[in-house]
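Accompanying notes for the structure given below.
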Amino acid sequence: MLKPSLKTKVTRLFGLENPIIQAGMIWCSGWKLASAVSNAGGLGIIGSGSMYPKELEENIKKCQANTKKPFAVNVPLLYPAIEKHIEIIIRNKVPIVFTSAGNPKTHTPKLKSYGIKVVHVVSSVKFAKKAEMAGVDALVAEGFEAGGHNGREETTTLVLVPAVAKAVSIPVIAAGGIGNGQAMAACMALGAEAVQVGTRFVASAESSAHTNFKRYLLEAKEGDTELVMKQLQPVRLLKNDFYKEVKAAELRGAKKEELKKILGRARAKKGMSQGELNEGELEIGQISGYLNNILPAAEIVANMMQECIETIKRTHRSLS
Ligand code: NDP
């Protein structure tokens with residue numbers, strides 16, 4: 001049987017077989033997941049936000065040893081060791097960089113001068129236009145449904161993607177709430193040239209998330225995640241004791257300083273990497289409420305492609 005295929009501006013830009021891009025997620029996306037997604041024909045991403053420079057370099061080298069296909073590194077721009085990370089990325093000839101949570105003007109020209117393709121993650125039309133002006137090659141438009149860091153405006157993927165696609169002339173990648181082929185087909189209809197998938201890949205065999213976290217996210221039901229900590233950095237969390245503490249503080253009007261104290265240090269590591277389900281910060285998207293299995297990354301990519309193409313064909317048939 002022929003493998004289903006979809007060619008878009010983004011597959012051409014990065015040289016991919018499929019327009020499926022794995023999100024760069026702290027503590028969950030190391031070389032194993034990134035190389036597995038790239039080998040499956042999508043774009044795998046190493047999430048460097050939870051890596052010291054030495055670890056990032058090791059992850060890049062292992063990824064290169066395990067795939068001959070393109071892969072990327074995600075760099076959250078508020079990361080403390082950013083200059084060192086950029087230097088490692090350039091030295092190791094990483095072909096694509098996804099930047100997030102910061103100003104794309106700062107590093108895009110330098111990365112591009114080394115022939116690296118740059119994509120920036122945005123959650124509003126205003127920042128999409130700014131990122132286009134900064135010279136990025138493509139954008140991720142990430143809606144309110146997404147896990148982890150998120151926009152303050154709470155704009156959903158359904159609203160954001162067509163608005164961004166209309167406002168810019170570079171390719172747009174949709175993110176937030178995409179965990180199956182139906183959602184992928186919907187995003188392509190909204191004007192996206194690819195999708196970025198986070199939560200579905202956390203629940204994969206190759207993700208470096210702790211098994212307790214993987215198991216807990218499969219138990220999540222509708223309404224079990226919420227966007228909190230808007231005063232600091234808005235973040236979508238899976239509900240647990242830590243979430244309850246943050247929520248209670250917010251409801252009694254706690255100020256930034258008190259929230260910072262509750263957050264403390266290395267909460268995300270505790271939750272997602274060490275599997276401490278009560279005390280840790282568990283960043284995950286809304287789609288977790290609808291997932292019920294851990295699959296190999298290649299199967300996730302193949303299933304999404306199959307479902308997406310079937311959905312497009314079904315829609316087309318009902319039209320004619
Ligand atoms: P904290 O300040 O609470 O803790 C820092 C954590 O990052 C520690 O666990 C530390 O590991 C690890 N770390 C890795 N590299 C460094 C470094 N160079 N300096 C200091 N710590 C480092 O931060 P968070 O855990 O909340 O966030 C960590 C990073 O991830 C930030 O840059 C943040 O912007 C980014 N982030 C990205 C998200 C995304 O969606 N892409 C979501 C959330 C955060 P150790 O304990 O071993 O020292």
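The values are calculated or read from the model by the stated rules, or taken from the named source; none is laboratory data. These numbers come from a predicted model, not from an experiment. When we count neighbours, we look across all protein chains shown, and the Cβ atoms used for this are built from the backbone with ideal geometry, even at glycine. When the accessible area is computed, the model is the full protein with side chains, heavy atoms only, and any ligands, DNA or RNA have been set aside. Shrake-Rupley method; radii C 1.70, N 1.55, O 1.52, S 1.80 Å.
Per-structure values
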quantity: Filtered residues of the range 253-277 (kept if among the small types (Gly, Ala, Ser) and more than 12 Å from the ligand (Cβ to nearest atom)); calculated: GLY253, ALA254, GLY275
quantity: Close pairs (8 angstrom Cβ cut-off, 6 or more residues apart or separate chains): within 15 Å of ALA134 (Cβ to Cβ) in the range 166-177, among the aliphatic types (A, V, I, L, M) and outside any loop (DSSP other than H, G, I, E, B) anywhere; calculated: ALA167/VAL125; ALA167/ALA128; VAL168/ALA128; VAL168/LEU139; ILE170/ALA138; ILE170/LEU139
quantity: Check on THR199, within 13 Å of GLY285 (Cα to Cα), open to solvent by less than 40 Å² (accessible area, probe 1.4 Å), polar (S, T, N, Q) and outside the structural domain of ALA34 (by TED's automatic domain parsing); calculated: no
quantity: Number of the exception - GLN274 against (1) in contact (Cβ under 8 Å) with a residue 60 or more places away in the chain; (2) open to solvent by 60 Å² or more (accessible area, probe 1.4 Å); (3) in the same structural domain as GLY151 (by TED's automatic domain parsing); calculated: (3)
quantity: Selection within the range 198-244 - closer than 22 Å to SER123 by Cβ and of a type in the set (Val, Ile, Thr); calculated: THR199, VAL202, THR225, VAL228, VAL235
quantity: Boolean, ALA72 is buried (at least 20 other Cβ atoms within 10 Å of the Cβ) and in the same structural domain as ALA141 (by TED's automatic domain parsing); calculated: yes
quantity: Residue list for the range 225-236, restricted to those being open to solvent by less than 50 Å² (accessible area, probe 1.4 Å) and at negative phi; calculated: THR225, GLU226, LEU227, VAL228, LEU232, PRO234, VAL235, ARG236
quantity: Residues within the range 137-168 that are buried (at least 24 other Cβ atoms within 10 Å of the Cβ), more than 16 Å from the ligand (Cβ to nearest atom) and not β-branched (Val, Ile, Thr), tallied; calculated: 2
quantity: Qualifying residue in the range 90-107 (condition: modelled with pLDDT of 95 or more, more than 27 Å from LYS166 (Cα to Cα) and open to solvent by less than 20 Å² (accessible area, probe 1.4 Å)); calculated: yes
quantity: Residue among LYS260, LYS247, LYS239 that is of a type in the set (D, E, K, R) and either open to solvent by less than 40 Å² (accessible area, probe 1.4 Å) or farther than 22 Å from MET25 by Cα (or both); calculated: LYS247
quantity: Top-ranked residue of the range 280-297 - restricted to ones that are away from the ligand (no atom under 15 Å from the Cβ) and assigned to a loop (DSSP other than H, G, I, E, B), ranked as nearest to GLY147 (Cα to Cα); calculated: LEU291
quantity: Unmet criterion (only one of (1) more than 22 Å from VAL10 (Cβ to Cβ); (2) among the hydrophobic types (A, V, I, L, M, F, W, C); (3) under 20 Å from the mean Cα position of the chain (by Cα); (4) buried (at least 17 other Cβ atoms within 10 Å of the Cβ)) for LEU78; calculated: (4)
quantity: Residues that are in a helix (DSSP H, G or I) and either in contact (Cβ under 8 Å) with a residue 24 or more places away in the chain or within 16 Å of the ligand (Cβ to nearest atom) (or both), drawn from the range 113-132; calculated: VAL125, PHE127, ALA128, LYS129, LYS130, ALA131, GLU132
